[in-house]
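Read the figures in this text as sums done on the coordinates, not as results from a lab. Model, not experiment: these values are computed from the prediction. Glycine gets a Cβ as well: all are built from the backbone with ideal geometry, and neighbour counts include every protein chain shown.
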Amino acid sequence: MYEISVRTHFSAAHRLVGHQGVCAQFHGHNWEIEIFIRGAELDAIGILVDFKAVKEAVQEVLTGLDHADLNRHPVFASQNPTSENIARHLFRELGGRLNTDRCRVSRVRVSESPSSSAAYWEE
């Protein structure tokens, strides 16, 4: 099995409705994300998936999130924009763009600080 990953970041603000601490207040993060893609076979030139294609797909998905109030984003209309929910959103959006017969998005990790992250994958 092969696995590649791409790391990038975006900046956005949010608040966690119903949270009993400071996260209920509007605040921002420089979110770090890492996308993992797995597959068993490489293409004819020895690549699982072109890093450029992954980076382009990530930029497309992040366009609506970067420098945004995540609570106003349609995806988070009925759920808090937590790291966990952001990871699930990115996983599904990127899977729709990048999954093929040879490889699939296997996991997305979202970090809101250097010491705190959440990951999402489907089994």
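Per-structure values
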quantity	calculated
Tilt relative to the chain, helix 51-62 - C-alpha long axis, 0 to 90 degrees, to 10	20
Dimensionless Rg ratio for segment 8-66, taking C-alpha atoms and the 2.2 N^0.38 Å reference	1.64
From phi via Karplus (6.51, -1.76, 1.60), per-residue ³J(HN,Hα) for segment 112-120 in Hz, x at Gly/Pro	9, 7, x, 10, 9, 8, 9, 10, 9
The chain - Kirkwood radius from inverse mean 1/r over Cα pairs (Å)	15.1
Acute angle (nearest 10 degrees) that the helix 83-98 long axis makes with the longest principal axis of the chain, alpha-carbon atoms	30
Which of 121, 31 has the fewest Cβ neighbours within 10 Å, and the rest in rising order	121, 31
Calculated from backbone phi, Karplus (6.51, -1.76, 1.60) coupling profile of segment 20-33 in Hz, x at Gly/Pro	8, x, 5, 5, 6, 7, 5, 7, x, 9, 9, 6, 9, 10
Amide H within-cut-off set for residue 107, under 5 Å, with H built and near neighbours excluded	36
Under 5 Å, built H, 5+ apart or other chain: amide partners of residue 48	43
